Amino acid sequence: MTAMIALPQPQRRMGGQRQALVAVAHVRLMMLMLLIGAGFLLVTARIAMLGLLGTPANAATLSGGLMQRGDIVDRNGSPLARTIAAWTIGIHPHEVIGDRHEIARQLAEAMPGQSEDYYYAQLTRDVPFTYLDRHASPATVNRVHVIGEPAIVFAQEAERLYPQSTLAAHVLGYVAPTDSDPNVIGRAGMERAFEKELSHPVRGAALALSVDSRVQAAVESELGRAMVDFKAKAATGVVLDVDTGEVIAMVSLPVYNPNKLKGTSSEALRNNVTQSVYELGSTFKPITMAAAINDGVVTSMARRFDATVPLQIGRFTIHDDRGDEQRRWLNIPETLVYSSNIATARIADELGQARLSGMFRALGFDTKPEIELKEKARPLWPSFWARTTVMTTAYGHGIAVTPLQLANAYATLVNGGVWRPTTLLKVAPGAAPAGRRVITEATSARIRQLLRLVVLKGTGRKADVPGYRVGGKTGTAEVAGVGGYSKKANVSTFAGAFPMDHPRYVVVAMLDSPIGNAESFGLTTAAWTAAPVVNRVIARTGAMLGVLPDDKRDVDVSELLPMLWQAPGVAKDKNMASKE
């Protein structure tokens with residue numbers, strides 16, 4: 001009989017405890033895995049939520065929503081403003097672990113725009129973070145990354161880029177934050193005027209401007225050349241489509257670079273085409289003449305007005321730039337060709353305040369210019385229209401408007417007599433506004449003849465371009481200041497149009513306070529300073545604008561030529577041009 005051997009009770013107990021411990025461990029492991037899994041799910045869900053609903057902190061958040069800002073293009077689709085992703089390189093000085101001198105040396109090699117001392121100063125600043133470069137290229141980022149310093153950090157931020165640099169800067173404007181508003185939004189130009197549309201653009205759509213960047217570049221080039229040659233304080237230029245009101249070019253000098261605003265002066269930021277008003281002198285005479293013809297004050301081109309002696313009105317005396325061709329009774333063509341203040345004042349006196357000021361109001365001279373830009377100045381409108389006021393405003397003294405308003409007035413004079421608001425937006429074919437009639441088509445046709453005659457035989461000769469049938473008027477006015485009119489500085493302007501047999505474009509060039517040189521025989525009048533600018537602009541851009549030169553076409557001025565004194569050789573070029 002075999003005896004049964006029983007296991008000791010303690011061993012059984014130990015086996016049960018081991019099983020219980022294993023079970024507890026399994027439970028704990030499962031709980032840990034569940035917690036880790038839940039954590040991963042939470043992080044994944046958060047990332048997905050940020051991807052779907054959020055915005056990357058290094059792009060739109062840091063740039064005030066700039067990443068989505070719409071592009072701006074010229075009338076031909078050339079980019080003028082767009083948003084790109086730009087690299088920034090920064091450093092946390094307190095967290096640098098490498099040798100600061102060595103890192104500074106390597107940074108100077110990777111980013112040679114600054115010295116080794118500059119980078120060392122940044123590495124030792126007592127600040128938690130500072131930028132090393134805000135506009136780094138990918139190649140620069142790669143070179144800096146190789147340094148291997150953990151305290152150096154990189155990020156991509158949205159940046160507004162103006163690829164044409166200073167081109168059309170005053171048209172485009174710029175984007176920036178301010179002390180009171182940290183958001184990066186449009187602060188000037190079309191960026192400001194169309195902030196809502198640009199900050200919430202329609203997918204794939206760009207803001208198309210009326211500006212032609214090729215013409216804009218030509219006007220900027222020629223005005224800049226004249227401004228340097230004559231050491232002028234400022235300069236403006238406008239090219240305007242006479243039938244649609246589209247601004248093809250708008251130039252204000254000095255200019256600025258919207259990509260680099262730091263250090264830009266207030267003078268450079270100012271758009272003198274729309275923000276500055278000037279007494280534009282004799283460029284007003286064709287406007288006065290148009291009012292007189294349109295209202296029946298002048299019914300015959302042969303009618304003469306006394307310009308034999310200065311015109312005395314109370315304590316004021318109206319003079320002409322004296323010459324044998326002016327010290328006479330002048331007919332209508334002679335009044336404009338010889339640019340007589342006296343004869344123009346007599347015509348305005350007959351026209352009267354109501355009709356002359358009515359013409360000015362119809363042309364918008366009593367309000368800010370009609371344009372999308374927010375940067376606009378109100379003209380200086382006479383507070384009291386005395387008899388002398390009527391006479392002097394007739395030739396552009398005592399009233400001040402913007403160069404854009406003058407361009408628009410000339411478009412009205414030559415396009416058949418219809419005023420339309422100016423625009424910086426591209427106008428679709430057939431979509432130009434109807435506008436309002438200011439003068440009759442017959443009056444407009446007569447003014448075209450007279451303006452062509454001024455260029456053929458008068459003060460505007462240097463604006464003529466063979467085959468382009470240019471017409472226009474010079475204007476030279478003393479600069480008005482707090483203490484009165486300056487005898488040493490003037491505003492020289494030429495306002496013209498081409499081709500005068502079928503006008504397409506108005507071109508205005510203005511120089512503020514030019515200084516005479518050898519080329520101008522020391523003269524600062526518009527005939528020698530502004531008119532040549534218009535000549536060169538038309539010669540460079542006429543074909544671009546679809547106007548081909550044609551020597552066989554012109555305005556018929558055969559009726560008016562015999563009315564000129566000593567026609568056809570009125571005077572020597574230097575003497576005639578010196579008047580305006």
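The values are calculated or read from the model by the stated rules, or taken from the named source; none is laboratory data. These numbers were taken from a predicted model, which means no experiment stands behind them. In this analysis, Cβ positions are derived from the backbone assuming ideal geometry, glycine residues included, and neighbour counts consider all displayed protein chains. The protein model used for the area step is the full one, side chains on, heavy atoms only, and it has no ligands, DNA or RNA in it. Shrake-Rupley method; radii C 1.70, N 1.55, O 1.52, S 1.80 Å.
Tell me the mean residue ellipticity at 222 nm calculated for the chain from its helices only (DSSP H runs of n ≥ 4, each -39500 (n - 2.57), averaged over every residue, nearest 500). List each step's numbers first, then the result.
On the way: 19 runs with 200 residues, N = 580.
Calculated at 222 nm, the ellipticity per residue is -10500 deg cm²/dmol.
Quote to one decimal, in nm, the extra length available between residue 180 and residue 146 on full extension: 0.36 nm per residue of separation minus the C-alpha distance between them. Mind showing how you got there, number by number?
Working: separation 34, 0.36 × 34 = 12.24 nm, distance 3.95 nm.
8.3 nm is the gain from fully extending residue 180 to residue 146.
As an exercise, use a Förster radius of 56 Å and the Cβ-Cβ distance of residue 354 and residue 154 to find the FRET efficiency, rounded to the nearest 0.05.
My answer for the efficiency is 0.20.
Pull out the extension gain between residue 257 and residue 543, defined as 0.36 nm times the separation in residues minus the alpha carbon to alpha carbon distance; nm, one decimal.
Computed gain between residue 257 and residue 543 is 100.1 nm.
Report the longest stretch of the chain that contains none of the chymotrypsin sites (Phe, Trp or Tyr not before Pro) sitting in a DSSP loop with at most 11 other Cβ atoms within 10 Å.
Segment 1-383 is the longest.
Loop only per DSSP, at most 12 neighbouring Cβ atoms within 10 Å: give me the trypsin sites (Lys or Arg not before Pro) in region 155-229, ordered by residue number.
Details: sites: 160, 187, 192, 196, 203, 214, 225; in loops: 187, 203.
Of the trypsin sites (Lys or Arg not before Pro), the ones in loops of region 155-229 whose Cβ has at most 12 other Cβ atoms within 10 Å are 203.
Taking a probe of 1.4 Å, how large is the accessible area per residue of the chain, in Å²?
On the way: 27080 Å² over 580 residues.
That works out to 47 Å² for each residue.
For the chain, rounded, prolate or oblate, judged on the Cα gyration tensor with a ≥ b ≥ c (square roots of eigenvalues), a/c < 1.5 rounded, else prolate if a/b > b/c?
Verdict is prolate for the chain.
Using Cα pairs closer than 8 Å and at least 6 residues apart in sequence, work out the relative contact order for the chain, in percent. Could the numbers behind the result be given before it?
Working: 1171 pairs, mean separation 78.1, N = 580.
Taking the mean separation of contacting Cα pairs over the length of the chain, I get 13 percent.
Classify region 407-560: rounded, prolate or oblate, from the alpha-carbon gyration tensor (a ≥ b ≥ c, eigenvalue square roots; a/c under 1.5 rounded; otherwise prolate if a/b is larger than b/c)?
prolate
What does the net charge come to around residue 545 if you take all other residues with beta carbon closer than 12 Å to its beta carbon, with K and R at +1 and D and E at -1?
Neighbour charge sum, excluding residue 545 itself: +1.
What net charge do the residues around residue 134 carry, taking every other residue with its C-beta under 12 Å from that of residue 134, with Lys and Arg at +1 and Asp and Glu at -1?
Residues near residue 134 contribute -1 overall.
State whether region 432-482 is rounded, prolate or oblate according to the following rule on the C-alpha gyration tensor (a ≥ b ≥ c being the square roots of its eigenvalues): a/c under 1.5 gives rounded; otherwise a/b larger than b/c gives prolate, and the remaining case gives oblate.
oblate
Given a 1.4 Å probe and the protein chains all in place, what does the accessible area of residue 279 round to, in Å² to the nearest 10?
Residue 279 exposes around 30 Å² with every protein chain in place.
Carbon and sulfur atoms: what percent of the 1.4 Å accessible area of region 305-463 do they account for?
C and S fraction of accessible area: 52 percent.
Ranked highest first by the average count of other Cβ atoms within 10 Å around their residues, in what order do 75-83, 510-518, 554-562 fall? Please report the intermediate quantities before stating the final value.
Working: 75-83: 17.8, 510-518: 19.8, 554-562: 14.2.
For the peptides 75-83, 510-518, 554-562, the packing ranking is 510-518, 75-83, 554-562.
Take residue 327, project a point 7 Å from its Cα along the Cβ direction, then tell me which residues of region 292-309 have their backbone nitrogen under 19 Å from it.
In region 292-309, the label zone of residue 327 (backbone N under 19 Å from the point 7 Å along Cα→Cβ) covers 305-309.
Taking Cα pairs under 8 Å and at least six residues apart, what relative contact order does region 68-206 come out at, in percent? Could you put the intermediate results ahead of the total?
Details: 226 pairs, mean separation 45.5, N = 139.
In percent, rounded to a whole number, it is 33.
Relative contact order (percent) for region 398-509, with alpha-carbon contacts under 8 angstrom and 6 or more residues of separation?
Values: 174 pairs, mean separation 26.1, N = 112.
Over region 398-509, the number comes to 23 percent.
Residues with beta-carbon under 13 Å from that of residue 106, excluding residue 106: net charge, scoring Lys, Arg +1 and Asp, Glu -1? Could you put the intermediate results ahead of the total?
Working: positive: 100, 105, 143; negative: 99, 102, 109, 116, 149.
Local net charge: -2.
With a Förster radius of 25 Å, plug the Cβ-Cβ distance of residue 445 and residue 378 into 1/(1 + (r/R0)^6) and report the FRET value to the nearest 0.05.
0.15
Compute the FRET efficiency between residue 312 and residue 84 as 1/(1 + (r/R0)^6), taking r as their Cβ-Cβ distance and R0 = 56 Å, and round to the nearest 0.05.
On the way: r = 66 Å, r/R0 = 1.18.
According to the calculation, E is roughly 0.25.
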